[in-house]
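Below is one structure; the comments refer to it alone.
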């Protein structure tokens, strides 16, 4: 086993591995092939899995359920509530049916603004409904994922969240790194982070998640890409509880595993250099939606 548990995930008490398994569902590959890829990451020792109904219209949840059948113990599963303005119970019920197991946590997906957060935390709102799901035994913990540092900060300070999912990587809003991440650590809120590779923009010529770069940028010379080692060393130096990676093929897994095993804490100068190169690497590739304009 290449990776061992190393740190409690906030106040959940679960001791998580440094890397976690993000969405790897691909209907074109089929359920068994995707489940086998996920199990390969589990065999390497990774013990946190993230999914959501929105990932391939529920297929990701089915993949997780198939891969974890017969090996649920010792794993932390995060699922999501996609629709912030709809009743929580019915969404949770459908997710449980697709998973065939109870996740450890449900988190509200993509809470994009403070207005949305305030509606979730109003009396009888989504957070109260999710607390009821905890009482019913549908999950043990609750939280949010967000692409806005102000929302993540407010969620941590509220005391209502056991864990928060937010971006940490070479090209993210500085507030995630200097404010949100230290605050989560200080308040005992689990920090599960994504966008290490900026949705692939840092390591490939893509507009994110394999999409082609914008038409206006085709034929334009793009800046050099970063390496997987650069990106992972950066994120691991910042030291979130867990860095979620897609790991959607054995080759991607091997590259990420090797980079993580070789990673050593970077100096401030090296971190600055990687951030500078990351700023160049994303230019011309389209919007970086996890970095709010305000």
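Readers should treat all values here as calculations from the given coordinates under stated rules, not as data from a laboratory. Just so it is clear, the model here is predicted, and its values are computed rather than measured. When we count neighbours, we look across all protein chains shown, and the Cβ atoms used for this are built from the backbone with ideal geometry, even at glycine.
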Taking the C-alpha atoms of the range 7-281, convex hull volume expressed per residue in Å³: 131
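Determine, for 50, 85, the number of other Cβ atoms within 10 Å of each Cβ, and report the residues in order from fewest to most.
85, 50
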Estimated FRET transfer efficiency (residue 251, residue 8; beta-carbon r; R0 45 Å; 0.05): 0.90
Using a Förster radius of 30 Å, what is the FRET efficiency between residue 227 and residue 39 based on their Cβ-Cβ separation? Nearest 0.05, please. 0.65
For a label point 7 Å from the Cα of residue 215 along Cα→C-beta, name the residues of the range 269-294 whose backbone N is under 18 Å from it. 284-287
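When a/c is below 1.5 the answer is rounded, else prolate if a/b is larger than b/c, else oblate, so apply that to the range 1-64 with a ≥ b ≥ c taken from the square roots of the Cα gyration tensor eigenvalues.
oblate
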Give me 37, 288, 196, 17 ranked fewest to most by other Cβ atoms within 10 Å of their Cβ, as a rough exposure proxy. 288, 37, 17, 196
Expressed as an acute angle from 0 to 90° and rounded to the nearest 10, what is the orientation of the C-alpha long axis of helix 228-238 relative to the principal long axis of the chain? 60
Given axes a ≥ b ≥ c from the Cα gyration tensor, I'd like to know whether the range 1-129 is rounded (a/c under 1.5), prolate (a/b larger than b/c) or oblate. oblate
